[in-house]
Amino acid sequence: MGKNTCICAVIGYPIGHSISPAIHNAAFRKIRINCYYKAIEIQDPKRAIDEMIENNYRGYSVTIPHKVTIMKYLDEIDPLAKKIGAINTVINTNRHLKGYNTDVTGAMRAIRDVMNIEGKKVVLIGAGGAARAIGFGLKEVGTDILIQNRTSKNAESLAKALNCQYSKIDPTLIKNCDLIINTTPVGMHPDINRSVIEEIPENCTIMDIVYNPIETKLLKLAKARSCKIINGLGMFVYQAAEQFRLFTGKEAPLELMRKVAKERLS
Ligand code: ATR
């Protein structure tokens with residue numbers, strides 16, 4: 001690493017499992033750019049920001065639990081990220097720190113690979129940060145959303161923000177829906193034998209944002225019902241590719257990033 005190497009990092013707590021360094025570093029090497037991406041396990045978002053300024057880091061990927069709390073330390077927030085109320089990327093341009101949310105565009109791109117989403121009926125399972133980001137993306141293209149969540153209070157508050165309906169998690173309440181998206185961590189490694197719903201409605205596409213494992217129990221159940229599926233790898237790779245573009249100003253080598261992510265996850 002030379003004096004002019006641009007440094008990027010993923011910040012979060014815990015961070016040990018992250019595959020982001022592998023995919024970003026592979027992409028930097030591929031397009032021969034003098035950047036290095038590392039993982040910083042850090043509990044205090046303010047300290048992460050101080051380190052960014054001190055060491056002149058170019059960019060951060062921001063993950064749990066900092067996506068909301070870090071916002072108050074930034075100079076500028078991209079309008080869509082502001083609406084969502086969470087960021088997942090910080091770009092440092094001559095000490096001016098700007099926050100973005102690439103989860104939204106990542107999710108929308110993954111959905112568009114499989115279907116036209118405009119005007120469709122979508123059930124969002126979960127009401128946390130990921131549901132909020134995807135919900136705003138879906139709302140922008142005029143979808144009809146139903147939120148299903150374990151805790152009614154959280155469902156209600158997101159439903160208010162998105163101006164949509166909500167209910168408890170119950171597949172029998174899902175009628176004529178085009179797409180169901182699991183935004184909860186249920187089914188994620190090591191709990192791979194769990195699914196947020198066991199009964200899969202017919203004729204409906206099923207998306208899981210969990211990407212570890214790539215084929216979750218929910219997606220297996222969906223396949224058994226002959227439903228189309230969207231796994232979490234697409235959203236993960238697309239959001240990373242958009243971060244890469246923000247870090248470097250260059251298009252990301254998408255297929256390479258997808259290949260490295262797949263290798264790391266299997
Ligand atoms: P993120 O920011 O990644 O979306 P989060 O804000 O912690 O994470 O949100 C997690 C979501 O998954 C919440 O909607 C949570 O439901 P509650 O609102 O009831 O807490 C949901 N979730 C987490 N574990 C769950 C489980 N075992 N069963 C059902 N829903 C779960």
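The values are calculated or read from the model by the stated rules, or taken from the named source; none is laboratory data. Since this is a predicted model, take the numbers as computed values, not measurements. In this analysis, Cβ positions are derived from the backbone assuming ideal geometry, glycine residues included, and neighbour counts consider all displayed protein chains. Just the protein is used for accessible areas: all its heavy atoms, side chains included, with ligands, DNA and RNA removed. Shrake-Rupley method; radii C 1.70, N 1.55, O 1.52, S 1.80 Å.
Would you point out the residue of the stretch 46-69, among those that are within 25 Å of ASN34 (Cα to Cα) and within 16 Å of the ligand (Cβ to nearest atom), that is surrounded by the fewest Cβ atoms within 10 Å (Cβ to Cβ)? Working first, answer last.
Restricting attention to the stretch 46-69, the residues satisfying the condition of being within 25 Å of ASN34 (Cα to Cα) are 48-63.
Now narrow it down to the ones that are within 16 Å of the ligand (Cβ to nearest atom): 61-63.
Values: SER61: 25, VAL62: 27, THR63: 17.
Once the filter is applied, the top-ranked residue is THR63.
When the stretch 193-210 is examined, which residues are found to be in contact (Cβ under 8 Å) with a residue 60 or more places away in the chain and part of a loop (DSSP other than H, G, I, E, B)?
Selection gives VAL196, ILE197, ILE209.
Any residue in the stretch 101-116 that is more than 10 Å from the ligand (Cβ to nearest atom) and part of a strand (DSSP E or B)? Give the steps one after another, and end with the answer.
So in the stretch 101-116, the residues more than 10 Å from the ligand (Cβ to nearest atom) come out as 101-102, 104-116.
Now narrow it down to the ones that are part of a strand (DSSP E or B): none.
Within the stretch 101-116, none of the residues are more than 10 Å from the ligand (Cβ to nearest atom) and part of a strand (DSSP E or B).
Take the stretch 143-161 and flag every residue that is within 12 Å of the ligand (Cβ to nearest atom) and either of a type in the set (Val, Ile, Thr) or in contact (Cβ under 8 Å) with a residue 60 or more places away in the chain (or both).
ILE147, THR151
One residue is enough: does the stretch 83-106 have a residue meeting the conditions open to solvent by 20 Å² or more (accessible area, probe 1.4 Å) and touching a His at 6+ places or on another chain (Cβ under 6 Å)?
No, the stretch 83-106 contains no residue that is open to solvent by 20 Å² or more (accessible area, probe 1.4 Å) and touching a His at 6+ places or on another chain (Cβ under 6 Å).
Which one of TYR238, TYR166 is under 23 Å from ASN101 (Cβ atoms), assigned to a strand (DSSP E or B) and not aliphatic (A, V, I, L, M)?
On the way: TYR238 fails: assigned to a strand (DSSP E or B).
One residue alone meets the criteria, TYR166.
Out of all the residues in the stretch 162-194, which are open to solvent by less than 20 Å² (accessible area, probe 1.4 Å) and more than 10 Å from the ligand (Cβ to nearest atom)?
LEU162, ILE174, CYS177, LEU179, ILE180, ILE181
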